[in-house]
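To keep things clear, I will list the structure first and then write my remarks on it.
The values are calculated or read from the model by the stated rules, or taken from the named source; none is laboratory data. Here the structure is a predicted model, which means the values were calculated and not measured. Quick reminder, even Gly has a Cβ in these numbers, built from the backbone with ideal geometry, and neighbours come from all protein chains shown. We work out accessible area using only protein heavy atoms, side chains counted, and drop any ligands, DNA or RNA first. Shrake-Rupley method; radii C 1.70, N 1.55, O 1.52, S 1.80 Å.
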Amino acid sequence: MPAQPRPIFPKDTLALRWEIIETARALPKRGLTKGTSGNVSARTKDGFLITPSGTPYEELTEAKIVAVDLNGCYRGDILPSSEWRMHLDFYLAKPSCGAVVHCHSPRATALSCHRKGIPAFHYMVALAGGDRIDCARYESFGTRALSEAMIEALGDRNACLLGNHGQIAGGPTLKKALSVAEGVEDLADQYLSSLALGEPVLLNEAEMADILQKFKSYGKQPGELEGGQDAAFELPKKVG
Ligand SMILES: [Zn+2]
């Protein structure tokens, strides 16, 4: 009997590998990146899977997605993204995070070049899990120093800007991480527009605390609210 070729990756990771490729290809479609900048990863049971270094998104295949463990070791002949350490440290710092998206989306990057984070100028800054989105100091790409700056800027939130570089966002799933990255880009766009008239009026601590509380119940049906939890908005009267 001829020897069976050795599988090049565990078949149970096939679906996740495809989802990573689809998420990476969504970045240029949604105006979040151009060319090969940006990278996408998803957590696995012993580490994470990440897009490779310098490969055009249209040339990605399941076999080109690289497995990296939580010690930062990888297997195979293809190098992981140059920003593998930021992804690794994101997962180590945030146990509930299942996916990470890094990109040089134009408006977030423009803001990061002024080393400006996004303050509570709009209640949607709460999408990153806090009352603002900070900007990390500048460090050279692909370094441990950049990853350390990212961790500081993240704090207890799940997204930040990276000084003179771009943005990074995480979430429980690839879909959610992508939507947080899109949300950060939208907020950067709106904040830059509002700055045309000077610094906008910021929401105060109590107003943002109220929003963060509401975000916990947003999207839940009345029967899904936990004991004592209020609905996110005034509910209309149900008559049927
Ligand atoms: Zn980058």
Just how large is the dipole of the chain about the Cα centre, in debye to the nearest 20, putting +1 at every Lys and Arg Cβ and -1 at every Asp and Glu Cβ? 520 debye
Of the chain, which part is the longest with no GluC sites (Glu not before Pro) in a loop (DSSP not H, G, I, E, B) and with at most 16 other C-beta atoms within 10 angstrom? 1-225
Cα axis of helix 84-93 to longest principal axis of the chain: angle in degrees, 0 to 90, nearest 10? 50 degrees
In percent, how large is the relative contact order of the range 11-197, given Cα pairs closer than 8 Å and 6 or more residues apart? 22 percent
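Do the alpha carbons of any pairs in K45/K220; K11/K175; K11/K64; K176/K216; K116/K176; K29/K176 sit beyond 19 Å of each other, and which pairs?
Flagged as over cut-off: K45/K220; K11/K175; K116/K176.
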Calculate, for A206 and T61, the FRET efficiency according to 1/(1 + (r/R0)^6) with r their C-beta to C-beta distance and R0 41 Å; round to the nearest 0.05. 0.20
Rounded to whole Hz, the Karplus (6.51, -1.76, 1.60) HN-Hα couplings of the range 134-139, x for glycine and proline: 7, 10, 6, 4, 6, 9
Counting only DSSP beta bridges with both partners in the range 11-197, the antiparallel fraction in percent, to the nearest 5, comes to 90 percent
Give me Rg over Rh for the range 26-105, both radii from the alpha carbons and Rh done the Kirkwood way, two decimal places. 0.95
Rank R115, R107, R75 by mean-square fluctuation in a GNM of the chain with C-alpha springs under 10 angstrom and give only the top-ranked residue. R75
Of the candidates V40, G171, C103, the farthest towards the positive dipole end of the chain (Lys/Arg Cβ +1, Asp/Glu Cβ -1, centred on the Cα centre) is V40
At R0 = 41 Å, FRET efficiency that the Cβ-Cβ distance of A15 and E199 yields, to 0.05: 0.30
What percentage of the solvent-accessible surface of the chain, computed with a 1.4 Å probe over protein heavy atoms, is contributed by carbon and sulfur atoms? 54 percent
Using Cα springs under 10 Å in a Gaussian network model of the chain, which residue among H114, H87, H102 shows the largest mean-square fluctuation? H114
Any idea what the relative contact order of the range 98-240 is, in percent, if you count C-alpha pairs under 8 Å spaced at least 6 apart? 29 percent
Residue among D210, D189, D77 with the largest mean-square fluctuation in a Gaussian network model of the chain, springs linking Cα atoms under 10 Å: D77
Given all pairs of different Cα atoms, what value in angstroms does the Kirkwood hydrodynamic radius of the chain take? 19.0 Å
So with the 1.4 Å probe, I'd like the accessible area per residue for the chain, rounded to whole Å². 55 Å²
